[in-house]
Amino acid sequence: MTAAFLSNNGKFLMLKKAGNKFYQEEFWSGLGGHIEAHEIKSPREACLREIFEESGISEVDVRNLKLKYVLLRLKEDEIRQQFVYFGETVAEEVIPSEEGELHWISINEIRKLHMSSIIGFMIDHYLQNPDIEHVMVGTLTVGHDHKPQIQWAELKDPIVF
């Protein structure tokens, strides 16, 4: 999967989704969705497609779209992987989305929104490290207290065989 968190004038474009078959309550996320088979080697391409499908914002209106996080979690016997991009957009107007309601949310208000655990951990990390230049890998796991926690690692090329 891919996700995009686009900012404009200090606000992020967030998607408020109604409950679904996996989760009954409404929740918030960035723009994004599943990577199509032909996009498997280019999650950025999938991300740009999802941005356009869910908001009407085209690639020419997106600036500095960078991969910042790769999130991993185990759900039963399935490993779920999400490529998360952050960038800016010059667009302010968005088209209605079938995925949910789009809202521009202040950076200070984002963490007050109801969102998945893994996205919440990622937003917390981003807010504490807004100028991070490298890609971070976050693995959602369970701590000794049986509560969700995340483990972070920098994704670096070790330049070895």
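Descriptive notes on the structure:
- Flag: I35 does not match the condition of being over 16 Å from the mean Cα position of the chain (by Cα) and either surrounded by 16 or more Cβ atoms within 10 Å (Cβ to Cβ) or under 22 Å from L140 (Cα atoms) (or both).
- Residues (closer than 14 Å to V84 by Cβ and open to solvent by less than 70 Å² (accessible area, probe 1.4 Å)) located in segment 131-161: I132, H134, V135, M136, V137, G138, T139, L140, I150
- Of the candidates I95, I57, I105, I79, the single residue that is open to solvent by 20 Å² or more (accessible area, probe 1.4 Å), in a loop (DSSP other than H, G, I, E, B) and either over 22 Å from E133 (Cβ atoms) or touching a residue at least 60 places away in the same chain (Cβ under 8 Å) (or both) is I95.
- Within segment 82-92, restricting attention to residues that are under 17 Å from A3 (Cα atoms) and open to solvent by less than 70 Å² (accessible area, probe 1.4 Å), the residue that is nearest to the chain's Cα centre (by Cα) is V84.
The values are calculated or read from the model by the stated rules, or taken from the named source; none is laboratory data. Source: prediction; values computed, not measured. Because the Cβ atoms are built from the backbone with ideal geometry, glycine has one as well, and the counts that use them run over all protein chains shown. We work out accessible area using only protein heavy atoms, side chains counted, and drop any ligands, DNA or RNA first. Shrake-Rupley method; radii C 1.70, N 1.55, O 1.52, S 1.80 Å.
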